[in-house]
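These notes are about the structure you will find just below.
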Amino acid sequence: MNNLYLLITIIRRSDSEEYETFYESDGVGIIYTIPCNGTAHAKTLDLFGLEKTEKSMLMSVVTEQSLKSLCKKLSRDMKIDLPDRGVAMAVPLSGIAGARTLEYFTATQETQPTNAENTEEKKMQSDYELIVAIYEKGYTDAVMDAARAAGAGGGTTIRAKGTGAGAQKFFGLTLAEEKEMVFIVSSSAKKKDIMKAIIHDAGPDSKAHALVFSLPVSETAGFRFADTIEKD
């Protein structure tokens, strides 16, 4: 079976239609679009009289062959490496439930047999990590202040609602209530420091009750400008 990835693209909400058209024209037939927001500090927004940055998160399941082509075209055709054009990252999937599910997500994509040798090793080698924090509604600033102090850049937030009767008393928080999630893309070198900072300042023992985990990112697009600033 082909290696599969969850391709996550975070863009300005006003650019959603443009990116959806781009993906569809390149054979990605199934796209999920989620409204979300940037994480600029509330005090900064108030100072300049600005509203929260409205963004969209696009999610698609793509094959390894499609991913390589898409990352090149995101830089070349969509100019995603330019400031404020967005970012994209791919997270390897460990499995998919059944042939019909596989066909549903990949029917219009290029597929070909892949060499299974060293597949897992390649998947786990990553220059970037996707850090995900789940916390009480209204504590984005607390989480992001901790993350930025440890070297994180920006993040993207979405609203979420936990479910599961068996987890009502986990760390004293009720998972069925509305939560917020923040997605932070970090260099692998900074991941541990950022996660430790969030847990220390906004973790389960705080009012934010943040829970944090990370995922390896196998491919990225749109981070070249940020990398240049970091090295200067």
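The values are calculated or read from the model by the stated rules, or taken from the named source; none is laboratory data. The structure presented is a predicted model; accordingly, all values stated were derived computationally and were not measured. We place every Cβ from the backbone using ideal geometry, glycine too, and count neighbours over all the protein chains shown.
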How about the stretch 186-212: which of its residues are over 11 Å from Val132 (Cα atoms) and in a strand (DSSP E or B)?
Ser187
Would you list the strands (runs of 3 or more DSSP E) that sit entirely within the stretch 74-185 and hold 1 or more residues that are surrounded by fewer than 15 Cβ atoms within 10 Å (Cβ to Cβ), modelled with pLDDT under 90 and of a type outside the set (Val, Ile, Thr)?
156-161
Of all residues being of a type in the set (Phe, Trp, Tyr) and over 16 Å from Tyr104 (Cα atoms) in the stretch 1-22, which is surrounded by the fewest Cβ atoms within 10 Å (Cβ to Cβ)? Just the residue, please.
Phe22
I'd like the residue in the stretch 213-232 that is under 15 Å from Thr9 (Cα atoms) and part of a loop (DSSP other than H, G, I, E, B) and, out of all such residues, is modelled with the lowest pLDDT.
Phe223
